[in-house]
Every structure is written in C-alpha cells, then in structure tokens.
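For reference, the structure discussed in these notes is given below.
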C-alpha cells in the first residue's frame, strides 16, 4: 500500500473481521470489574459503528442493484437470501440505509460515532418518515436533531413514544388518525389459551394500548411482593407474581366476590392530560392528547371517552391556594401529593430502572426524621428493590427541575436522569407554528 493512501475497503473488512474474532475469544476473566464494565459499553458503541458501516455498504449495493444478476426482485430480497437473515426485516433495513445515506445524514453520523444504537436510528427514521407531508424541511431537520439529542439518554422504546407524540403535534389530522388507529387496534384484540400434553396452559394474545394498560394495572395491583409471616422476603420472580395475580383475580370472579380485599388498592386506569387538551376540539395541531401511565400517548377522543365515566383528579404542582406541602404535619403522603409525585415520575426514579409507578413506594428525599417535609418536592417514586438499596447503602436523591438525580455514597458520578424532552418538544412545536401562523390553535 502506498503511504498516504487509504487502505482498500476489502482490506478494512478483513481487518475488522480479525479484530472481532479476537474480541469474541478474549479472556475477560483476566480483567477487573471496572474493565469489564468499560468493555461492555465500548463494544456496544463499536457495534453501532459497525452497523453504520453495514448500512452504508447496503445503500451502495442498492444503488448498484447488485441482486439483479441473481434474479432478485429487490436489494431487500437479495440481501435476505445472501445473508440468510429474516426477509421480513430486510426491506426496513434497505429503507433505513437509503435514508441514512440521504436526508438523515446527521443520524448516520451519530450512529457511526457509536453515540446511538441501530434501534435508535430506526426510531428516528420511522418518526421522520411518517411526519405529515406538509411539515417543512426546517422543521424536519429540527425534529431529527431533537430526537437525536434525547436518543443518547432514552432507550428506543421511550424514544419511540416521544416520536409518536412529536408526529401527533405536527399534524393537524393526527388526533383523528390516532383515534382511527386505536379503533383498528381494538378490533385486533385477541386472546388464546392452549393446553399442553402435561396439562400446562400456554397463554398468548394481543391487546390495544388502553386494554393492555387496564389489564397491566389490575394485575400489578395484586402482584406486589409479600413477605412471609416470619418476615422472609417474597422469593417469587415478577413473572410468577403476575401469573399468581391473574389466577387470584379470576378465582375471585368465579367466587362472586366483587369487593376488593382491604389490604389491596383498588386498581384503576390512569390517563393524564392537560386542561388545554380538554378545552380545544380534536384536530388542533400542536396540542397534546393524553398519556397512559406507561407513557404511551392516546388520542383526545380516547381521553374524552374515558373521562365520560372516569374520575377527574386535578394535580396541582404549585401553590394556587393549595400548595402540595403539608410540612411536618404528617409522615405519609396524602392522596393529592401522592398523585402529583406519580404523575411527575411515572415510575422508579433510580437510573436505568423501568419498573412502573404501580410497583413503587414513595420515598422522602430528605428523611422525615431529618426534618424533611411531606411534599411533592421532597417525594419520589422508588421500586422496592431500589428503595431498600437507597436506605441500606445511603444513596442521596436530589430533585433537579422535575427529575430525580441519585448520588452514590462513594462519591462516584451520580445517576443523571434523561434531560426533560417535553420543554424541548414544546419549543420545536412553537417554532413550527410560528412558521405556519394559520395553524395556531385557539383556546377561545
């Protein structure tokens, strides 16, 4: 190879292959815990860079139509056969490769740098690709940048929910389309039970978001860990506790007992929305619909339908005559403060934990014994595992804005929560409405 010239791509691929084979056979037992942790993170970033290289090559193959000589109808069909991979995913990969090679060059750069994963890139692509046709190029670029900023701290599922809300707020007809999609989802609800030869039952099915959330909340209300009489912790894994909860609910229905046990909370479906969302009519761009407790967005039509026979609980997050603070008067969090904390946190606040709020306790950030008030600003959600860990190891929680940062007892870097995406989305929508003043919603 001549000095100063780039190596031939074939040589690069061979070198990458050798390096990957060496990494696969590495003797990780020789490394310290810290080195193992760092290697896991580093190799995940390397995998993203490798995915970016694969997609760039796939885009080149698509441009050349390399599958034509073999009689393949498309690059997707050829690549699925040539690489022996899932054909149902090949089309999406080719489409993503073309997008990263074209309009989503910023996303391609983040993937190449290992800053995001392939799943994140797919979420960005699906979100931008499904924006309403009337969304201008400037807003599309801002939307891509907005998603990428939060892709580094949100997992792909949460980022997809943010993308879903972004699309809805930039489309005057999005709420109507979302309502139609929800109607279609309810028609695909299905549940099946099949019995194996040994008598074991296998359960499978699909539920729309609202129905699934109802079943989830009903089960989790009965699936909390329960220690034995002698104080031994509940040894059942979460999956077993959910199964036991399902059987318990069905047994109570068969026995004709409609009331709830005194020791259990009455399960309820919680849907959050805002006053402007309830005041404006459907089809108004830039206005949020509702949100299930899992974080999935639903249409205004669904919110209004559920509100017809639901309980409206106002959650105050500031004074307004009823500050969410009872100081040192009580230890337990009253219902109104509890509702505000759950609405803010939506689940366990410990970094990386995805347990829902229905599985969580409320924790005083500054302990009650140390003079900490029983207030919205001094409370947070913690699942049972992390609640015990915080008390046992001495982690310190701090509310920064509307998110809780956990500081470890040994002075290491704190668990910093993802940056709040809602204000950034509001700013993006405001700029979009400024460029399209005829779309501005009116609350009068």
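The values are calculated or read from the model by the stated rules, or taken from the named source; none is laboratory data. Fair warning: this is a prediction, and the values are worked out from it, not measured in the lab. Heads up, the Cβs are rebuilt from the backbone with ideal geometry, glycines too, and the neighbour counts pull from every protein chain shown.
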Next item on the list: Give the residue that is nearest to residue 439 (Cα to Cα), with candidates limited to residues of region 154-198 that are part of a loop (DSSP other than H, G, I, E, B), assigned by TED's automatic domain parsing to the domain that holds residue 133 and touching a helix residue (DSSP H, G or I) at 6+ places or on another chain (Cβ under 9 Å).
Entry: 172
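Which residue out of 41, 66 is more than 18 Å from residue 123 (Cα to Cα) and outside any helix (DSSP H, G or I)? Spell out how you get there, then give the answer.
On the way: 41 fails: outside any helix (DSSP H, G or I).
When all the criteria are applied, what remains is 66.
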Note to self: Only one of 391, 386 is surrounded by 15 or more Cβ atoms within 10 Å (Cβ to Cβ) and outside the structural domain of residue 157 (by TED's automatic domain parsing). Can you tell me which?
What the structure shows: 386
Item checked: Failed condition for residue 106, given (1) assigned to a helix (DSSP H, G or I); (2) crowded, with 20+ Cβ neighbours inside 10 Å; (3) within 23 Å of the chain's Cα centre (by Cα) -> (2)
Notebook entry, point to check: Restricting region 130-156 to residues that are exposed (fewer than 14 other Cβ atoms within 10 Å of the Cβ) and within 22 Å of residue 91 (Cβ to Cβ), which is modelled with the highest pLDDT?
Noted result: 130
Item checked: Verdict on residue 182 being under 30 Å from residue 108 (Cβ atoms) and surrounded by fewer than 19 Cβ atoms within 10 Å (Cβ to Cβ) -> no
Item checked: strands (runs of 3 or more DSSP E) enclosed by region 335-414 - at least 1 residues per element that are under 21 Å from residue 213 (Cβ atoms) -> 360-364, 379-383
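Which is modelled with pLDDT of 85 or more and on the phi < 0 side of the Ramachandran plot, of 427, 388, 392, 412?
Working: 388 fails: modelled with pLDDT of 85 or more; 392 fails: modelled with pLDDT of 85 or more; 412 fails: modelled with pLDDT of 85 or more.
Just a single option satisfies the conditions, and that option is 427.
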Note to self: Out of 125, 216, I need the residue that is touching a residue at least 60 places away in the same chain (Cβ under 8 Å), under 24 Å from the mean Cα position of the chain (by Cα) and part of a helix (DSSP H, G or I). Which one?
What the structure shows: 216
Next item on the list: Report, ordered by the first and then the second residue, all pairs with beta carbons closer than 6 Å, sequence separation of six or more or different chains, a first member in region 145-174 that is under 10 Å from residue 297 (Cα atoms), and a second member that is at pLDDT below 85 and assigned to a helix (DSSP H, G or I).
Entry: 162/421; 168/174
Checklist line | Which listed residue is assigned to a loop (DSSP other than H, G, I, E, B), within 21 Å of residue 112 (Cα to Cα) and out of contact with any helix residue (DSSP H, G or I) (no Cβ under 6 Å at 6 or more places or on another chain), from 6, 23, 19 | finding: 6
